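One structure is given below, encoded as C-alpha cells.
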Amino acid sequence: FQLTAREDVFAFGDITGLAETTQLPLPTATKVLKVLTRAGLLTSQRGAAGGYTLARPLEKINLVEVLSAIDGPPALTQCTDESAEDCERKTICPTRANWRLIHKTVVAALANLTLADLAAPPRRVSRLVTLQGLADRSLA
C-alpha cells in the first residue's frame, strides 16, 4: 500500500493494501472509491502505475461533499430530508422549525470542515468548531 501526500496531491494505488490498512472488506473499499470517483472527489487511473488521486486539494473538499457522495444529502430527521415524503404530522409538529434550524447548523458546520481539517490534529478542528460557535455546550 503506497500513500503519497503533499500539499497538492493525495494519492494511493493498490486497493487491496488500502482495504487491509483501513480494515474494510475489499468489496466495500472498492465500492467507496468508485462512489467517490463518480462524485468527482477522486480521479482514477488504470494500469500498472494507476490508482486514485483526490480531484482537488484536501482543503477544497468539505465533509458535506464526502457524506453526500456516500449516503446522499445529510438529513437528521424526515422533515429535513428533502428526498423523503412529508411527514404526516408536519402541520401539527411543534418541533419542525427547530429541527430545520438544527439541520442547517449541522450542515453548515460540516460544510466548513474539509478533509484537511479532518486529517489535522484534533486541536485544530476543535478550534474551528469553537470559532463557529458550535462547541459542546452544557445543557444544565
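The values are calculated or read from the model by the stated rules, or taken from the named source; none is laboratory data. Keep in mind that this is a model prediction, so the values were computed, not measured. Glycine also receives a Cβ, built like all others from the backbone with ideal geometry; neighbour counts cover every protein chain displayed. Note: areas computed on protein heavy atoms with side chains; ligands, DNA, RNA excluded. Shrake-Rupley method; radii C 1.70, N 1.55, O 1.52, S 1.80 Å.
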Hits in the stretch 41-100 (condition: open to solvent by less than 80 Å² (accessible area, probe 1.4 Å), out of contact with any Ser or Thr (no Cβ under 6 Å at 6 or more places or on another chain) and among the hydroxyl-bearing types (Ser, Thr, Tyr)): Ser68, Thr77, Thr80, Thr95
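Can we say Ala69 is out of contact with any strand residue (DSSP E or B) (no Cβ under 8 Å at 6 or more places or on another chain), within 26 Å of Ala39 (Cα to Cα) and assigned to a helix (DSSP H, G or I)?
On the way: out of contact with any strand residue (DSSP E or B) (no Cβ under 8 Å at 6 or more places or on another chain): yes; within 26 Å of Ala39 (Cα to Cα): yes; assigned to a helix (DSSP H, G or I): yes.
Considered against the rule, which asks whether it is out of contact with any strand residue (DSSP E or B) (no Cβ under 8 Å at 6 or more places or on another chain), within 26 Å of Ala39 (Cα to Cα) and assigned to a helix (DSSP H, G or I), Ala69 comes out as yes.
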Test result for Thr114, within 24 Å of Ala69 (Cα to Cα), of a type in the set (Ser, Thr, Tyr), modelled with pLDDT of 85 or more and surrounded by 14 or more Cβ atoms within 10 Å (Cβ to Cβ): yes
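If the requirement is being closer than 18 Å to Ala116 by Cα and at pLDDT below 90, which of these qualifies: Thr53, Thr80?
Values: Thr80 fails: closer than 18 Å to Ala116 by Cα.
Matching residue, one of Thr53, Thr80: Thr53.
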Would you be able to say whether some residue in the stretch 15-23 is touching a Gly at 6+ places or on another chain (Cβ under 9 Å) and surrounded by 13 or more Cβ atoms within 10 Å (Cβ to Cβ)? yes
